[in-house]
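The structure appears below as structure tokens.
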């Protein structure tokens, strides 16, 4: 019996689980997701190092539009979650016919939505760097970097949907393996697309290494081609191999049904609005940082990249929490849903806190790897070390969000995120940046992450999220 089938059977069996059983389930389901996130971290580090070798201007051009790519990525994630959580509920209830139908109907729905989102991205790419208030020297690179991100949004959408579907069905291994593959492909594609044709020496031998010499644009294209390659395999696994999703077993129409769309909107729309508000605030934060100069922009971007090694595993645990709570809700096991929510939070806090401690001491070496610019290194280390104190509560907010999402509770968490990031982070950052520069922006971030974590722990503790979707 597969791991996903084993967990689903456990949910429906009515068996009382021991603490050991629960921790074992968390470990088995969260480890692949965590490894997938670590693969993405490695990819981000390598991307940043490759672009960083081109100089501070190149790094700043990528960092300038990074928050906007997160904004569009959030819309992709929300669209996928609206359908994937329904699959988790169906699998937990043992209703395979429904899980097949939901997946089949989700494909055309999210693809059409992604075309619309892509068109918006393409249109704003021309004026985005100027609107963000950056140095004109980085406008062109920033424009093309974001433009090609926008062009490939439909590919990213299908990849994200299939990955989310597999995870919510309980298959955490396949997405993690493919994420690692994507990381390797990204490095290979970047190597040939970023740098020009050059003479390379290896083990005493010299030879000509071909290259496109596209610089910053090459970094984006390398990632896009890696995503496109993996998307084909992800789609094949979900549509043809996964028993709970396979299209050949579905008798339903491709036309999305009213009930499925309504539930997707009930789950995904609040999540989309929340993440739009959250990542939109990050865009505004970038607008606050941009006038501080290219060193500040680059240091801000590298600090975010360096910190990802601490918080990305939290997202892997959050994905497991979504699957666990989603299937527990589907199986009418509210007792397990609550228990798994708190245990996942505890594991996430422990892991992220440990990584935060390690990063505090290792960040000088990390920044030395990411950029040769001494000024960028010094400023990046300074702001990152401050924010690392917020990692425990940041972890609480990340994993709690995943747990609440599994129960279909996305509206109230969206309001909490909105209040936290706009009412606390942006307000404090606006005032502190004027006198303290980038350090003030990261003080605001630290305060807000702690505040957000407390809000989500209160939400989790009140228990109203256990109400099943109707």
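The values are calculated or read from the model by the stated rules, or taken from the named source; none is laboratory data. Because the structure is a prediction, the values reported are computed rather than measured. Quick reminder, even Gly has a Cβ in these numbers, built from the backbone with ideal geometry, and neighbours come from all protein chains shown.
Among residues belonging to the range 334-349 that are more than 17 Å from residue 409 (Cα to Cα) and either crowded, with 17+ Cβ neighbours inside 10 Å or in contact with a helix residue (DSSP H, G or I) (Cβ under 8 Å, 6 or more places away or on another chain) (or both), point out the one that is modelled with the highest pLDDT.
349
Would you confirm whether or not the range 207-222 contains a residue that is free of Cβ contacts under 8 Å to residues at least 12 places away in the same chain, loosely packed, with under 13 Cβ neighbours inside 10 Å and either touching a strand residue (DSSP E or B) at 6+ places or on another chain (Cβ under 9 Å) or in a loop (DSSP other than H, G, I, E, B) (or both)?
Within the range 207-222 (the criterion being free of Cβ contacts under 8 Å to residues at least 12 places away in the same chain, loosely packed, with under 13 Cβ neighbours inside 10 Å and either touching a strand residue (DSSP E or B) at 6+ places or on another chain (Cβ under 9 Å) or in a loop (DSSP other than H, G, I, E, B) (or both)), the answer is yes, since at least one residue qualifies.
Restricting the search to the range 92-140, which residues are assigned to a loop (DSSP other than H, G, I, E, B) and either in contact with a strand residue (DSSP E or B) (Cβ under 6 Å, 6 or more places away or on another chain) or farther than 15 Å from residue 150 by Cβ (or both)?
93, 94, 95, 132, 133, 134, 135
Hey, can you tell me all the residues within the range 36-64 that are under 16 Å from the mean Cα position of the chain (by Cα) and modelled with pLDDT of 85 or more?
Residues satisfying the conditions do not exist here.
Over 27 Å from residue 51 (Cβ atoms) and over 24 Å from the mean Cα position of the chain (by Cα): which single residue out of 432, 354, 404 fits that description?
Criteria check complete, one pass: 432.
Collect the residues in the range 250-261 that are in a helix (DSSP H, G or I) and either out of contact with any helix residue (DSSP H, G or I) (no Cβ under 9 Å at 6 or more places or on another chain) or within 10 Å of residue 104 (Cα to Cα) (or both), keeping them in residue-number order.
Scanning the range 250-261 gives 258, 259.
Among the numbered criteria (1) closer than 28 Å to residue 46 by Cβ; (2) touching a residue at least 12 places away in the same chain (Cβ under 8 Å), which one does residue 274 miss?
(1)
I need the helices (runs of 4 or more DSSP H) fully contained in the range 358-430, keeping only those with at least 3 residues that are more than 19 Å from residue 301 (Cβ to Cβ).
So the answer is 391-406, 411-420.
So in the range 153-180, with the set limited to residues that are modelled with pLDDT under 90 and more than 24 Å from residue 100 (Cβ to Cβ), which one is nearest to the chain's Cα centre (by Cα)?
Once the filter is applied, the top-ranked residue is 179.
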